[in-house]
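Take a look at the structure set out below.
Computed from the coordinates by the stated procedures, all read-outs in this text should not be read as laboratory data. Remember, predicted model here, so these are calculated numbers, not experimental data. All Cβ positions, even for glycine, are placed from backbone atoms using ideal geometry, and neighbour counts span all protein chains on display.
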């Protein structure tokens, strides 16, 4: 099913999404990948505030290439989500509602998704030029010294993703592969 | 003896880094177009069409095909009659990478130390493989490697008794474990034989072979065809979201090995399998 949603979003809205849905996201999302996650995790361990609110927000696992003059961003496709698996359950328990990446997640992440009524989206890996066209604005939020790995606030318009793990724990990677496996 | 100024190496590598990150080689481009026609799954076809659109935008607007513009892997086949002048060859290669990644708006993805992890901010150093060959030419292959797929690559130290079935199992295991993480449709580079490090290098080099070319060893060619069929029956499909196009090619390179061993390396590459060649 094709759906258009706004980010940030509520748990009620997240619950309407089903594994396999083709979704266009508009609104505000945040980028964070390996180094930013490590830094946020360490900040939490020290009892400090995070540079962005988790509740209702969507994190895009992405580190862009540099923007050419007059463009908001460079190539901007998803990175492999599993490297953030160590940190994701903590952020989900703090209210993070969605993650955009690519690739498999651990059972611990899936359980945290179900526990919190969240959702894991995949964007098409290796389609960074195309995906950059759905990003209308990009603004640095924190950890500038991390370069491409800094946290950015993105304004997106009809950003195309597919629901892989929904709030009930259905996993498209598992079901879709079975459908086309001819062993 | 032929004299080559290393400044020529710098200039060529700079141009090649920019070129490969915006345009696929002809063999890869054709394989990707062909996949749209043959893919069975509707969502798989939709993803392959998006990737066509992505390639078009990348070339027209000069936005890198993928934001992971890779760690620059460079093969230099140097004729033994060549004499380099103008400075250090290694520094000239790295200068080409530095200029290409900086002036070409490519992502700087290299950290200076694997544990301390401070970004070098110019994507250097490159990983450079030198080979001395006959003649007076220099063949440069630039093959930037993204790490979504690099992370899913494997080395298996099999036993001779494992034989060809062991090799097949190793390749299928690596591909199935990689699944959606490696951004399928993938290209599978395989090295069989040699030593621990030699088979890994064979696998890397296999990725630079055109995807429409087969090994000239008959049994290896058959193995490449059989494995491609098997991989495309796993159901992984484009983006790992189900379908009949999981790999575009399986390229296998072999080398003599020890009586006690059967090393197998599987180097997986995503559909942005970048490789450009120039001969000076």
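Take peptides B:22-28, A:140-146, B:242-248 and line them up by average Cβ neighbours within 10 Å, highest first, as a rough protection proxy.
Numbers: B:22-28: 18.4, A:140-146: 14.7, B:242-248: 26.9.
Going from most to least packed, we get B:242-248, B:22-28, A:140-146.
Can you give the average number of partner chain beta-carbon atoms within 10 Å of each beta-carbon in peptide A:127-138, as a whole number? Mind dumping the intermediate values first?
Working: counts 16, 12, 16, 11, 5, 7, 5, 0, 0, 0, 0, 0.
Partner Cβ neighbours, averaged per residue: 6.
Kindly identify chain B as rounded, prolate or oblate by the Cα gyration tensor criterion: order the square roots of the eigenvalues as a ≥ b ≥ c, call it rounded if a/c is under 1.5, otherwise compare a/b with b/c, prolate if a/b is larger, else oblate.
Values: a/c = 1.77, a/b = 1.21, b/c = 1.46.
Note, shape of chain B comes out oblate.
Give the percent of DSSP beta bridges with both residues in segment B:160-280 that are antiparallel, rounded to the nearest 5.
On the way: 6 of 15 bridges.
Bridges in segment B:160-280 are about 40 percent antiparallel.
If you restrict to DSSP beta bridges whose two residues both lie in the protein assembly as shown, what percentage is antiparallel, to the nearest 5?
Details: 41 of 77 bridges.
Taking every DSSP beta bridge within the protein assembly as shown, about 55 percent pair in antiparallel fashion.
Could you check the simple spin-label distance between residue A:107 and residue B:169, using points 7 Å along Cα→Cβ, in nm with one decimal?
Simple spin-label model gives 2.5 nm for this pair.
Could you list log10 I(q)/I(0) for the protein assembly as shown at q = 0.12 Å⁻¹, which the Debye formula gives when each Cα is one point scatterer?
So the normalised log intensities work out to -1.04.
In the P(r) worked out for segment A:26-156, what percent of Cα pairs fall beyond 22 Å?
Numbers: 2619 of 8515 pairs.
Summing the P(r) of segment A:26-156 above 22 Å gives 31 percent of all pairs.
Over chain B, what relative contact order in percent results from Cα pairs under 8 Å that are six or more residues apart?
Numbers: 626 pairs, mean separation 72.9, N = 280.
Relative CO of chain B lands at 26 percent.
In peptide A:64-74, what is the residue-averaged number of other protein chain Cβ atoms found within 10 Å of each Cβ?
Working: counts 3, 14, 10, 2, 5, 1, 0, 3, 0, 2, 8.
The per-residue average across the peptide is 4.
Within segment A:2-180, what percent of beta bridges assigned by DSSP are antiparallel, to the nearest 5?
Around 55 percent of the beta bridges assigned by DSSP in segment A:2-180 are antiparallel ones.
Want the number for residue B:198 to residue B:129: 0.36 nm per residue separation, take away the alpha-carbon distance, what's left? Before the final figure, lay out each step's value.
On the way: separation 69, 0.36 × 69 = 24.84 nm, distance 1.18 nm.
This chain segment gains 23.7 nm when fully extended.
What percent does the relative contact order of segment B:147-273 come to when contacts are Cα pairs within less than 8 Å and at least six residues apart?
On the way: 292 pairs, mean separation 55.7, N = 127.
Relative CO of segment B:147-273 lands at 44 percent.
222 nm [θ] for chain B, helices only, -39500 (n - 2.57) per DSSP H run of 4+, per residue, to 500? Each step should come with its number before you reach the end.
Working: 8 runs with 110 residues, N = 280.
-12500 deg cm²/dmol, from helical runs alone.
Taking each residue of B:237-248 in turn, how many C-beta atoms of other protein chains fall within 10 Å of its C-beta, and what is the average? Don't skip to the answer; put the middle values down first.
Working: counts 5, 2, 13, 10, 12, 11, 4, 2, 1, 2, 0, 0.
Across B:237-248, the average partner-chain Cβ count within 10 Å equals 5.
What is segment A:2-180's relative contact order, in percent, from Cα pairs under 8 angstrom and six or more apart in sequence? Spell out each step's value before the answer.
Details: 427 pairs, mean separation 53.6, N = 179.
Relative contact order for segment A:2-180 comes out at 30 percent.
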